[in-house]
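Worksheet: the structure to be examined is printed underneath.
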Amino acid sequence: MIPAHWARHHRREDGELLGYLRPVDDNPLLFTPVTVFGHPLGAPTNEHHARQCLDRMGLSYLAQDWLLSLPGSPEPVAVQIVEATPQQLRVKNIDYGYADADIGHIFALDVPAAGQLHPR
C-alpha cells in the first residue's frame, strides 16, 4: 500500500492517477516522482519539476518490460505489468528462460515494490 505520507498524488487533466510525489526525508522542499506502484522515475527535485516528470512520463511506464528480482533466483525475471494500483502490482512472466513459472504466470507484489522491480 502506498504510504499515507505520500499524500501528494499527481493526476492528468482527466483525473487519471499518474503517480506520486514522494517526500525526501531530510528536505521538505524536495520530492521524488514515483509511479503508481512506487518506483522512482527521477531524482529528487522541487515539486514543480517532479510534477513535470510525471506529466512527461504519463503512464508509458506501464507498457514497458520490467525485471523482477525474486528470492532464491540468481537472475531477475522479465515481466510485463498487468495491473497497477496503489495497493498491489500484478505482473506476468514473459521470460522463457525462467523455469520456475510458466509464461504468463502472474506474480502479485505489495506496493511499493521496494526494489523488486527495475526497468528492463
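Considering only GLY115, HIS9, ALA78, the residue lying farthest towards the positive end of the dipole of the chain is HIS9, judged by Cα position with unit charges set on Cβ. Could you give the angle, 0 to 90 degrees to the nearest 10, between helix 47-57's Cα long axis and the longest principal axis of the Cα atoms of the chain? Roughly 40 degrees, rounded to the nearest 10. Amide H to amide H distances under 5 Å link LEU30 with VAL24, where only residues 5 or more positions off or on other chains count and H is placed in the peptide plane. A simple count of charges around GLN80, restricted to other residues whose Cβ falls under 14 Å of its Cβ and scoring Lys, Arg +1 and Asp, Glu -1, yields 0.
Computed from phi, the 3J(HN,Hα) profile of the stretch 64-70 under the Karplus parametrisation 6.51, -1.76, 1.60 (θ = phi - 60°) reads 7, 7, 10, 10, 10, 8, 10 Hz, with x in place of Gly and Pro. Each eigenvalue of the Cα gyration tensor of the chain, multiplied by 5 and square-rooted, gives one semi-axis; in descending order these are 28, 15, 12 Å.
Considering only alpha-carbon pairs that sit under 8 angstrom and 6 or more positions apart, the relative contact order computed for the chain is 21 percent. Summing Lys and Arg as +1 and Asp and Glu as -1 over all other residues whose Cβ lies under 12 Å from the Cβ of LEU70 gives a net charge of -3. Computed from backbone phi with θ = phi - 60° and the Karplus coefficients 6.51, -1.76 and 1.60, the 3J(HN,Hα) list for the stretch 94-108 is 10, 9, 5, x, 9, 7, 7, 8, 5, 4, x, 4, 9, 9, 9 Hz; x is used for glycine and proline. Less than 5 angstrom separates the built amide H of ALA101 from none of the residues sequence-distant by 5 or more or on a different chain.
Each Lys and Arg adds +1 at its Cβ and each Asp and Glu adds -1 at its Cβ; summed about the Cα centre, the chain shows a dipole of about 260 debye.
Just so you know, all these numbers are worked out from the coordinates, no wet-lab data involved. Since this is a predicted model, take the numbers as computed values, not measurements. Note that each Cβ is placed from the backbone with ideal geometry, even for glycine, and that neighbours are counted across all protein chains shown.
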